[in-house]
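For reference, the structure discussed in these notes is given below.
The values are calculated or read from the model by the stated rules, or taken from the named source; none is laboratory data. Since this is a predicted model, take the numbers as computed values, not measurements. Every residue, glycine among them, receives a Cβ derived from its backbone with ideal geometry; neighbour counts consider all protein chains shown.
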Amino acid sequence: MTAADLFTFCLQALSGHRLRTALSLLGMAIGVAAVITLTALGEGARRYVIDQFASIGSNLLIVIPGKTETTGIPGIAAAANDLTLEDAQAIAHQIPEAEQIAPLVIGTETVSHGARRRQVAVVGSTRELLEVRKLALSHGEFLPAEELRRGRPVVVLGVKTARELFPGEEPVGQVVRIGGWRMRVIGILAPKGTQLGADIDQTATIPVATAMRMFDRRSLFRIMIQVRKAAELEPAKTKVLRLLAERHHEEDVTVLTQDAVVSTFSQILGALTLVLGAIAAISLSVAGIGIMNVMLVSVSERTREVGLLRALGVRRRQVLAVFLTESALLSAAGGLLGLAAGWGAVRILVRIFPALPASPPVWAVAAALALSLGVGVLFGWLPARRAARLDPVAALAGR
Amino acid sequence: MIRLEKISRTYLLGGQPVHALDGITEHVKAGEHVAIMGPSGSGKSTLLNIVGCLDRPDAGSYWLNGREVGTLSDEELTAVRRDLIGFVFQAFHLVPRLTAAENVELPMVFAGISRGERRRRVEAALAAVDLSGRMDHRPDQLSGGERQRVALARATVMGPRVLLADEPTGNLDTASGRQILDLLARMNAEGITLVVVTHDPNVARRADRIVVLVDGRIARRLAGAEVSSTADLFAVANGEPG
């Protein structure tokens, strides 16, 4: 018999039980849709993080106080020595590759103007931050170029904070209070949105020395160093490590290149995607059991038909092929349905969360489809074999 | 055409061996019409299943069309059924989701006959049972007699040498039954070997010979004038001396 004849026969059998066929299709479709949607979410998260890192600037070295044994997760190890402004200065003076240096202190404080108050992230840094983090000004000035230790009472506001504190007014030149400090607004940042989880539009950027006094800190949170080109990253990293080890009399800082951070995050989130896919794959195997159940019912319902086929001279192998094809058709159709549903769900997700570049990875789509077909054949095997092994005489009698 | 030599078939029923057939020896010539009668449990159906290569004897030998088939593998027996044997059942055994034409086509689909040839043969077979106008009807849209005629068309569409009918009129009214018997007789006249298992004296009377089975043995053979002259075939069929 030809494949076309086999398909026709099986489709006729399946369409004879529309509800049952539809329900088992649905089970498989949900499984495949789950694989596709969940892996799309995981992949979306991974790409989101990578995009975020790309947006903060390139050719960056990040110095973090404290030593981690393995590179990767920043901020876990306890700092032995402070990372100081003098360290930043030393790097600037002694390492020729370091083109731009932005020390960073971060805290949270209330900014107020008159009766209006806003809780914002306060970033203490230098003029170089503008270049290092690829920021732009809407108008006014950024932090003045000046000696690191000099902390003048000036602030550059994020665009949203500025708008909320000064509705309908020009903020530049006005005075705000940050904590107990009076600061003059000298500039407004251009809209940038969220960068690495921090909304740049809701920040107040002040000179680093001012911030250290405001938050009573002796140690910097980070020193960000931008080198001229990617090839200088590694030599600069070695030099920074050596310089700071000399200054601190021990190696107690961690220097990350952006690549290392990105690849660590990418690995973690890739593993997350895999786990999500595996969880969803469980629902595929549940769908497979559903198909097996449907096929077992079908075989026992069609016992007489099998007996008839055998009496008509249909071989065992052909009976096996009929029932295997039916379960494979069921699962493949369910898989395609699930693919469409999953794709639709991802589109809706992207519409709701435009920031998340969710799209299912190709491997997940291929695996879900292959798995659904495999599950159909695997779980169809037992019922099909049962049908093929029926004794013709007993089967004709419906036994 | 059919040669059975000392055929025995034993089942285990509740751990007890039951001799369904006990040393049956019988020859059926090509083109013959033979009726098998006997009370319930006499082994009629078992005998028909063995003749139809659906079942195998435990002992004895069976030659069909000059070939020893009692010892063939399942795969080979399947091929024998496909090429040499047509079955007609009391319960029709039509596939409910398929039309009359599709039911008739079924054995040819699995035998790998081309689409065009199948169509030609389906039309011829349904015309032969006078159902050309019912090709696209499903079984539930057909009367009992029409269903059995579809089954008859299906049984003969592969061009078998032997037609085996198990109570072919058992589920039919008298008129429909007579129509089926006429068709069977016509096919037999065209050369097909016909073996009919029946309780019904009116069905048996149409045969050239009657074989009466009691307790798995041949109790009596009637041939020629005996078939029509035996008044109480029913009593004979139940193993009583008539």
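What the table below lists for this structure:
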item: Residues satisfying the stated conditions in the stretch B:63-89, i.e. in a strand (DSSP E or B) and touching a residue at least 60 places away in the same chain (Cβ under 8 Å); result: B:W63, B:L64, B:I85, B:G86, B:F87, B:V88
item: Any hit, the stretch B:105-114, residues being farther than 22 Å from A:A321 by Cα, free of Cβ contacts under 8 Å to residues at least 24 places away in the same chain and not in a helix (DSSP H, G or I); result: no
item: Boolean, A:Q119 is surrounded by fewer than 18 Cβ atoms within 10 Å (Cβ to Cβ), under 23 Å from A:L241 (Cβ atoms) and assigned by TED's automatic domain parsing to the domain that holds A:K239; result: no
item: Any hit, the stretch A:132-142, residues being more than 21 Å from A:T84 (Cβ to Cβ), in the same structural domain as A:E109 (by TED's automatic domain parsing), among the acidic types (D, E) and in a loop (DSSP other than H, G, I, E, B); result: yes
item: Criterion: assigned by TED's automatic domain parsing to the domain that holds A:A321, in a helix (DSSP H, G or I) and touching a Phe, Trp or Tyr at 6+ places or on another chain (Cβ under 8 Å) - qualifying residue of A:P383, A:P357; result: A:P383
item: Test result for B:M108, over 15 Å from A:E305 (Cα atoms), hydrophobic (A, V, I, L, M, F, W, C) and within 11 Å of chain A (Cβ to nearest Cβ); result: yes
item: Counted residues, the stretch B:91-105 - those being within 7 Å of chain A (Cβ to nearest Cβ) and under 21 Å from the mean Cα position of the chain (by Cα); result: 2
item: The stretch A:299-311, residues that are in contact with a Gly (Cβ under 8 Å, 6 or more places away or on another chain), at the interface with chain B (Cβ under 7 Å from one of its Cβ atoms) and within 13 Å of A:R399 (Cα to Cα); result: A:R304
item: Selection status of A:S285, surrounded by fewer than 16 Cβ atoms within 10 Å (Cβ to Cβ), among the polar types (S, T, N, Q) and assigned by TED's automatic domain parsing to the domain that holds A:A88; result: no
item: Qualifying position, being among the hydrophobic types (A, V, I, L, M, F, W, C) and in a loop (DSSP other than H, G, I, E, B), among A:V172, A:V111, A:V156; result: A:V172
item: Residue among A:V275, A:V346 that alone is at pLDDT below 90, farther than 24 Å from A:L14 by Cβ and not small (G, A, S); result: A:V275
item: Complete set of residues in the stretch A:6-51 that are touching a residue at least 24 places away in the same chain (Cβ under 8 Å) and over 30 Å from A:P361 (Cβ atoms); result: A:L6, A:F7, A:F9, A:C10, A:L11, A:A13, A:L14, A:H17, A:R20, A:T21
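Let's see how each residue does on (1) out of contact with any strand residue (DSSP E or B) (no Cβ under 9 Å at 6 or more places or on another chain); (2) at negative phi; (3) at pLDDT 95 or above; (4) at the interface with chain A (Cβ under 8 Å from one of its Cβ atoms):
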position: B:L72; (1), (2), (3), (4): yes, yes, no, no
position: B:E75; (1), (2), (3), (4): yes, yes, no, yes
position: B:R82; (1), (2), (3), (4): yes, yes, yes, yes
position: B:V88; (1), (2), (3), (4): no, yes, yes, no
position: B:R120; (1), (2), (3), (4): yes, yes, yes, no
position: B:E123; (1), (2), (3), (4): yes, yes, yes, no
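Results for (1) of a type in the set (A, V, I, L, M); (2) within 14 Å of chain B (Cβ to nearest Cβ); (3) surrounded by 22 or more Cβ atoms within 10 Å (Cβ to Cβ), shown as yes or no for each residue.
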residue	(1), (2), (3)
A:L296	yes, no, no
A:G313	no, yes, yes
A:A321	yes, yes, no
A:A341	yes, no, no
A:F353	no, no, no
A:A364	yes, no, yes
A:V375	yes, no, yes
A:D391	no, yes, no
